[in-house]
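Following: one structure in structure tokens, then a few remarks.
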Amino acid sequence: MGQGLSCASSHEHGLFRAVQLGDLKTVEAMLERDPALLHEATLYDRHSALHIAAANGQIEILSMLLDRSVNPDALNRQKQTPLMLAAMHGKISCVKKLLEAEANILMFDSVHRRTCLHYAAYYGHADCLQAILSAAQSSTVAVSWGYARFVNIRDGRGATPLHLASRQRRPACVHILLGNGALVCASTGGYGCPGSTPLHLAARGGSLDCIRGLLAWGADRVQRDASGRIPYVVALKHNHGACAALLNPSSAEPLVWPTPLKFISELNQEAKALLEQALMEANREREKTILKGAACALTSPSHSDAGVEDNISEASDTELCSICFEQLCTIEVQDCGHQMCAHCTLALCCHNKPNPTTACLTPPVCPFCRSNIARLVVAKMKNHDDSDCNIGDISSSKLRKSRRSQNYSEGSSSFKGLSAMGPFGKMGGRSSGRIAAENEWVDKP
Ligand SMILES: [Zn+2]
Ligand SMILES: [Zn+2]
């Protein structure tokens, strides 16, 4: 960036050079001799020493300057704060230090009227983005502005941080923003092609991972920009073939993260990560078919089930999900304590996707006992001696085993690919004392 090199006197030049290089001793000595230097700025860009320390990740000098109570929100010529520069350059320790010093996260530069959150998203520094969001949750910004409004803050041309991250191919930032309430279908004012959604911009950028993330968070493939184009057309125009295949409105719909469900919004990090992974895996299964079709229309779209058989033989009997008999139980329903795998949990939740026309959501119930789901947590690996901790788990491993063999004798094909199917459309006519009859809960209004 060349910060601090356009200074008036060699005296100042010396200071800014030392800051840039992280030469703490020299900086301290210079400030000792002439405390007024603390308030100097570079001649043209008007960078303060704090700006230069932040942009260059010189955490020791930055801390020392903040200890001398320099203004953490000093502005340079373009009204950029040190926090913006640290976020732009991915200097996470400086970002954190500035946030601790209560740097204002709601400052707008004069270039594009962007905030530090825009900078972190645009340059793809997920750690800085996360740090700023965490600060926003606990600061007065959340009170005065509202956290959701901050996450969706717009720059001078109507771009939210999600728009910028999508355009710049930053899937990690896209993921964090979506998880924090970024609006997946917001359209820009003048940024990019007017009226672009994050999906349009990801199609323009050509990042398959960004497109995956946006689709899994409910991005609309048929939303049009101001000139009437859907994201599919944008991807085609820019020769992003694989992206276009996923964006083609006639290709299979992806599973969508069930955001509106209360217990989904209250998931702890660990359970959330498990379910998100299941979501991405399920969607990848679909993608294989779509992308294969796009690459070569001749190959058969069916995927091999060979790997699934291997998984079954490796899985311990007692931990196997008794819905799909394929995956391990990793998620526990509370309060009843029933367990199932992440894929089945997700399929259950996605099946009860809210109906946009009624905006009324019937939350799914536990498929085993039909009680309401208060929470989903990560299932603890079961200890066989410890029988009293899990009242819901009434079936012994012996019972499960017999059911499993019964399942195979009936023909296991009806369970194959359940996770990839999403809704339990393939459950087959199976009755079990433990699992509520299929029709009963699939058809539940
Ligand atoms: Zn399962
Ligand atoms: Zn239950």
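The values are calculated or read from the model by the stated rules, or taken from the named source; none is laboratory data. What you see is a predicted model; the values in this text were computed from it and never measured. As a convention, Cβ positions derive from the backbone with ideal geometry for all residues, glycine included, and neighbour counts pool all protein chains shown.
How many residues are more than 8 Å from ligand 1 (Cβ to nearest atom), out of contact with any Leu (no Cβ under 6 Å at 6 or more places or on another chain) and not in a loop (DSSP other than H, G, I, E, B) when one looks only at region 321-344?
5
With the condition kept exactly as written, say whether any residue in region 116-123 is in a loop (DSSP other than H, G, I, E, B) and buried (at least 17 other Cβ atoms within 10 Å of the Cβ). Write out each step before concluding.
Of the residues in region 116-123, the ones in a loop (DSSP other than H, G, I, E, B) are none.
No, the conditions are met nowhere in region 116-123.
Any chance region 194-205 includes a residue that's at pLDDT below 95, surrounded by fewer than 18 Cβ atoms within 10 Å (Cβ to Cβ) and either more than 13 Å from Ser166 (Cβ to Cβ) or touching a strand residue (DSSP E or B) at 6+ places or on another chain (Cβ under 9 Å) (or both)?
Checked region 194-205: at least one residue is at pLDDT below 95, surrounded by fewer than 18 Cβ atoms within 10 Å (Cβ to Cβ) and either more than 13 Å from Ser166 (Cβ to Cβ) or touching a strand residue (DSSP E or B) at 6+ places or on another chain (Cβ under 9 Å) (or both).
May I ask you to verify whether Ala271 is modelled with pLDDT under 90 and at negative phi? Please lay out each step first, then the result.
Values: modelled with pLDDT under 90: no; at negative phi: yes.
Considered against the rule, which asks whether it is modelled with pLDDT under 90 and at negative phi, Ala271 comes out as no.
Any residue at all in region 359-370 that is more than 13 Å from ligand 1 (Cβ to nearest atom), within 21 Å of the chain's Cα centre (by Cα), at pLDDT 85 or above and surrounded by fewer than 14 Cβ atoms within 10 Å (Cβ to Cβ)? Spell out how you get there, then give the answer.
Restricting attention to region 359-370, the residues satisfying the condition of being more than 13 Å from ligand 1 (Cβ to nearest atom) are 359-366, 369-370.
Narrowing further to those that are within 21 Å of the chain's Cα centre (by Cα): none.
Scanning region 359-370 turns up no residue that is more than 13 Å from ligand 1 (Cβ to nearest atom), within 21 Å of the chain's Cα centre (by Cα), at pLDDT 85 or above and surrounded by fewer than 14 Cβ atoms within 10 Å (Cβ to Cβ).
Please go through region 49-63 and give me each residue that is outside any helix (DSSP H, G or I) and surrounded by fewer than 24 Cβ atoms within 10 Å (Cβ to Cβ), ordered by number. Before the answer, list the steps.
Filtering region 49-63 for residues outside any helix (DSSP H, G or I) gives 56-58.
Correct list: Asn56, Gly57.
Across region 245-298, what is the total count of residues that are closer than 30 Å to Val333 by Cα and outside any helix (DSSP H, G or I)? Even if it seems obvious, please write down each step before you answer.
From region 245-298, those closer than 30 Å to Val333 by Cα are 252-287; that's our starting set.
Remaining after also requiring outside any helix (DSSP H, G or I): 252-261, 266-268.
Counting residues in region 245-298 that are closer than 30 Å to Val333 by Cα and outside any helix (DSSP H, G or I) gives 13.
Do we have any residue at all in region 60-70 that's in contact (Cβ under 8 Å) with a residue 12 or more places away in the chain, in contact with a Gly (Cβ under 8 Å, 6 or more places away or on another chain) and not assigned by TED's automatic domain parsing to the domain that holds Ala182?
Narrowing region 60-70 to residues in contact (Cβ under 8 Å) with a residue 12 or more places away in the chain: 60-66, 68, 70.
Remaining after also requiring in contact with a Gly (Cβ under 8 Å, 6 or more places away or on another chain): 60-61.
Then keep just the ones that are not assigned by TED's automatic domain parsing to the domain that holds Ala182; that gives 60-61.
Taking every residue of region 60-70 in turn, at least one turns out to be in contact (Cβ under 8 Å) with a residue 12 or more places away in the chain, in contact with a Gly (Cβ under 8 Å, 6 or more places away or on another chain) and not assigned by TED's automatic domain parsing to the domain that holds Ala182.
Restricted to region 94-120, and to residues that are farther than 22 Å from Thr140 by Cα and out of contact with any Asp or Glu (no Cβ under 6 Å at 6 or more places or on another chain), which residue is modelled with the highest pLDDT? It would help to see each step written out before you state the result.
Filtering region 94-120 for residues farther than 22 Å from Thr140 by Cα gives 110-112.
Cutting the leftovers down to out of contact with any Asp or Glu (no Cβ under 6 Å at 6 or more places or on another chain) gives us 110-111.
Working: Ser110: 97, Val111: 94.
Per the criteria, the residue is Ser110.
Just to be sure, is Ala242 at pLDDT 95 or above and in a helix (DSSP H, G or I)? Break it down into steps so the answer makes sense when it comes.
Values: at pLDDT 95 or above: no; in a helix (DSSP H, G or I): yes.
Judged against the criteria, Ala242 is not a match.
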